[in-house]
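Visitor: Have a look at this one.
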Amino acid sequence: MSLLGGVRPPIAVLSALLLALAAVTALSLGRVGHDRIPEAVLTSQQQFAEDGAIAMRASVDESVTDLQGAAGLFRSGAPVPADAVLDKVGSVYQKWRGTAVIEVGSGKLLAARGENLPLATIDRGKLSEKGGLGPRMVRLANGETRLLSFALLSWDGRPQQLLVASRSLRVPAISLGRFRTIAVLDSTGAILSRGGSRESEQDLDDPQRKAAKRADGQLRAFARTAAEKARQHPLKAREPGSGGFPGVSGSLTGGASNGERAAAGYATLAPARPGESTVAGGLGLTVVTMVDVAEDPSRGTDPLFGIAAAGALLVIGAAVVALLLGLVQRPLLRLFLESRRLAGGELQRPVSVPAYGEAARVGHALERLRCQLLGAPQGTSGPATPRRLRRIGARGLTAVCAVLLLAWSAPLALSLHHADSKAVIPQQIVNDQRERTDTLADRVRRALDEGHTDLVSVASLIGDRTSPDQMATVLERTLQEHPRYASLYLLGADGKVLARAGGTPHHPAGKGPGTRGVTVLNEGGKEPVVTGYAEVPGRKGAAVAGEFRVDFFNSLLKRPGLGEVRVVDDKRRTLGGNTGYRAFEKLPSERIDTLVQGTGARAGASLRPGALLDRDGSSVQIAAAAPFNGGGVAKSLNWTVVSWKPAEGLALPENTVQNHTVLAGLLGLTAAAACLGWLHIVVARPLRTLAAQAEALADGDRRTVLYPRHHDEVGAVVRSLELIRQELQEQRKRDSAPLAGRN
C-alpha cells in the first residue's frame, strides 16, 4: 500500500488533528486574560520608553551636530577671536551649561563661558585618532555627570583650537503625565538623572514617604534589570517578527501595593534606522520609565467556554470519524478482501455486500461476477443494484462530514465569541495615547525651533560684505549637514533670491521675507511648504529662508502603537501624517475634529492635550490631540498633532479571546478541508470510477482492460477485477472450444 494513499491515512490524520485542535481550544480559550496587567499596557510602557530614548538620542545628536556645524561655519570665514566665537555660539544656542576654547597644541585656555569645564580629563593627544572628537561622559567632583562635545577651529597661519561644550544628561523632554517616573542609566545601571512624579519628602506624610521609598527601590531594581537586558544584541533581544525600534527595548513588571502594580519600559539609545551610526548610541545609555498601574482582579475569561468548545469538537469529531470508519473504510476493506478471494478462485461463499453507496454497487457486481465464474450466463446473474443505494455514496458522506465540521468551525471563525463595545479598555492606555501624542507634538515643535535656530546661526555669519559665492558655500554646507531642509536661500528685501542651495524656492516672487519666524506657503498647492526666516544682521530686510522637507516631518510621526497620526493647522487641515493622506484635507470624523477643537481652547496659561474613548456600536476607538505648547517660534503656528487607533488591535483579554476563537475556527476549517479533500481525491472519486468499471464488467464488458491508478485499497480491487476479467475470458474460450470441434 502507498504511504499516503488509501483510506486509512486521511481518516487517521483527521482524527489526530481534531484531537490536537480540541486540546488547543481548551487550553487557549480557557487560559486567556488571567494577567492582572494586560499585555497592551506593558507594550505601551515599552513604547513610552522608546519615545524617551528617541527624544534623548535626537537631543544629543543635535547638540553635537550644532556644535560641529557652528565650528564649520566659523572655519569657512575669516579668523575669529575665541571670545567672539563663544559669544556668538552662546547667543544662538542656549543648550550648553559651559563652553570653552583651548589651544590644541599647548592646552592653553583661550576663552570660557558658563560653568567650569573638566578640561584636565581631555587627552589632546588622542583627538586625531578615529573617534577622538566623539562626545564623552565625565563625572564631576559633586557626583553629577556631564556630556562633553568637541569641534575643531582651524584657520591658515593660526594654531589649531578646540571648541568644547558641556551639557547635563537630563531626562528626555517627553510628556510624562502626573504619575510617571523616568530615569537615564549608564551601562552599569547607575541612575544618572531622573524626573517625573517625585515630591519633596518635607511635603509628604509617613504613608507617602513609605510609598516614595518603595517606588525608589522599585526604580533601582528596574534599573539593574534594564541595564542587564540592554547588553543584549538588538536582534537577539527582539521577539521573532517584531520590528520598529532598532535598539533593545522591553517591559518589566514589579511588585504590587494597594491594588497597584509597578510597570516599566526600557529602551537603549539607538540610531533612527538599523545599520546607521549615531554618536548618542555609543554612550551606552538606557531610558527607563515607570508607572503604577491599577490591577483588575476580575479580568479574565470563563474557562468553560474553551472546555465547552473543545467538548463539542470531540463529540462532532467522534461522529465524523465513526461515519468514515463505518461507511467508508470498513466497506472498502471488505471489498478488498472479497475481490482478492474471488480472484484467487474461492467461489463457494457468496460475496458480503455492503449496504450503501459505491461499495454496495461494487459488492453486487462482485456477486454477479462470482455467479458468472460458476457458469451462469453473463449479464443475467445476480440481483440489480437498488436505486436508493446509488444516491448515498462516499462523496455524499464526505459532504455530510464537512457540514458537521463546518457547524463547529464556522461560528468560531466568524467570531461568535467576539469582543464588542463592552470590551474593557484600561485607562492607562488612554492616558498613554494622550501623553505620547503630546510628546510627538513637542518633538515636531522642537524640530521646527531647532531648524529656525540653524537659520539664525547661518544668518549671523552672513554679513553685508559676504559675496554671493561665499553665501552659496555656507548655504550648501548647511544643507548637507541638516537634511531637514529641501531648499536654503538668501532672500533680499525686494524678494530677490541672492543665493541658494537645494531645490527651487517657493517664496512668492517680488515679495519680501515673512515677518513670522516660521510660516506655511503654497496653501493652494498639492503639498504645504513650511518655511523659516531668519533676518541677516547688516543687510536691511534680507533674511535666510529654509524650506523644510515634508518627508522630514512625516518621519517624525512614525511611532508604533499610535495608529494614524496627523499634523493639522489652526483650521484643522492636514499638513502631514504617518500614513497616506491628502494635503489640506479635513479630519476623518466629527468626534476627532471636536477633540482637536477642544484642545485648542485655552485653559489658563497653556494648552492641554486631550483624549477620548469613542464607542460607536461594536467598534471602539482611542483618539488623542495635543496642540503646540512651550516656547519657540513654532508655537505661533497653532498646529495640533492628533492620533487615533482602533481598540480591536490591542492585546487585551477580550481581543485575545476573539483572536484565539477565530484561529480555532480557521484551524478547524483547514483540517476539515485538507483531510476530507484528501479523502475525496484518493477514495471517493476513484471509488465511483471503480463502481462503474465493476458494473460494466458484470454486464459483459470483457474487452476493457482494468488497471490500477494508485497502490491502495481501490487499486487492489481493480487488480482483482482485472484478474476476474481475464479468468472470464479464458472461461469463454474453454466453453467455445467444444462447439468449434463439433463443427
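Visitor: What is the set of long-range amide H partners of K558 at a cut-off below 5 Å, with H atoms built 1.01 Å from backbone N?
Guide: none
Visitor: Next question. Which residues' amide hydrogens lie under 5 Å from the amide hydrogen of W639, considering only partners 5 or more residues apart or on another chain, with H built in the peptide plane?
Guide: Hits under the 5 Å cutoff: F628.
Visitor: Please list, in order along segment 476-492, the HN-Hα scalar couplings obtained from phi with the Karplus expression 6.51 cos²θ - 1.76 cosθ + 1.60 (θ = phi - 60°), rounded to whole Hz, x for Gly and Pro.
Guide: 5, 5, 5, 5, 6, 7, 10, x, 6, 9, 8, 7, 10, 7, 9, 10, x
Visitor: Which value in nm describes the separation of the simple spin-label points at L152 and R703, placed 7 Å from the Cα toward the beta carbon?
Guide: 10.0
Visitor: Another question, if that's okay. I'd like the accessible area for S251: 1.4 Å probe, protein heavy atoms, all chains in place, Å² to the nearest 10.
Guide: 40
Visitor: Quick one: pull the percentage of alpha-carbon pairs in the chain with a separation above 46 Å.
Guide: More than 46 Å apart: 47 percent of the Cα pairs in the chain.
Visitor: How much accessible area per residue does segment 13-165 have, in Å², with a 1.4 Å probe?
Guide: Accessible area per residue: 44 Å².
Visitor: Further question: Which entries in the list K526/K571; K95/K635; K526/K558; K526/K586; K229/K645 go over 26 Å, if you measure between the two C-alpha atoms of each?
Guide: Values: K526/K571 17 Å; K95/K635 19 Å; K526/K558 22 Å; K526/K586 15 Å; K229/K645 30 Å.
Those over the limit are K229/K645.
Visitor: Have a look at V403, F48, G538 and report the one farthest towards the positive end of the charge dipole of the chain, computed about the Cα centre with Cβ charges (Lys/Arg +1, Asp/Glu -1).
Guide: It is V403, whose Cα lies furthest towards the positive end.
Visitor: Could you point to the residue in A692, T599, N655 farthest towards the positive end of segment 590-743's charge dipole, with +1 and -1 charges on the Cβ of Lys/Arg and Asp/Glu respectively?
Guide: Toward the positive end, the furthest listed residue is A692.
Visitor: Once phi is turned into θ = phi - 60°, what whole-Hz ³J(HN,Hα) does the Karplus curve with 6.51, -1.76 and 1.60 give for every residue of segment 632-645, x standing for Gly and Pro?
Guide: For segment 632-645, the Karplus-derived couplings read x, 6, 6, 4, 5, 5, 6, 7, 9, 9, 10, 9, 8, 8 Hz, x marking Gly and Pro.
Visitor: Let me ask you something else. Suppose every K and R has +1 on its Cβ and every D and E has -1 on its Cβ; what is the size of the dipole of the chain about the Cα centre, in Debye to the nearest 20?
Guide: Around 2120 debye, computed over the chain.
Visitor: Continuing with this model, one more query. Below 11 angstrom from the Cβ of A626, what's the summed charge of the other residues (Lys, Arg +1; Asp, Glu -1)?
Guide: Around A626, the surrounding residues sum to +2.
Visitor: I need the calculated FRET efficiency for the pair R231 and T504, taking r as the beta carbon distance and R₀ as 51 Å, to the nearest 0.05. List each step's numbers first, then the result.
Guide: Numbers: r = 49 Å, r/R0 = 0.97.
For R0 = 51 Å, the calculated efficiency reads 0.55.
Visitor: Continuing with this model, one more query. Through the Karplus equation 6.51 cos²θ - 1.76 cosθ + 1.60, θ set to phi - 60°, convert the phi angles of segment 106-120 into ³J(HN,Hα) values in whole Hz; use x for Gly and Pro.
Guide: Karplus-based 3J(HN,Hα) across segment 106-120 equals 9, x, 5, 7, 8, 6, 8, 9, x, 6, 5, 9, x, 5, 5 Hz.
The values are calculated or read from the model by the stated rules, or taken from the named source; none is laboratory data. Source: prediction; values computed, not measured. Quick reminder, even Gly has a Cβ in these numbers, built from the backbone with ideal geometry, and neighbours come from all protein chains shown. Heads up: the accessible areas ignore ligands, DNA and RNA and are worked out on the full protein's heavy atoms, side chains in. Shrake-Rupley method; radii C 1.70, N 1.55, O 1.52, S 1.80 Å.
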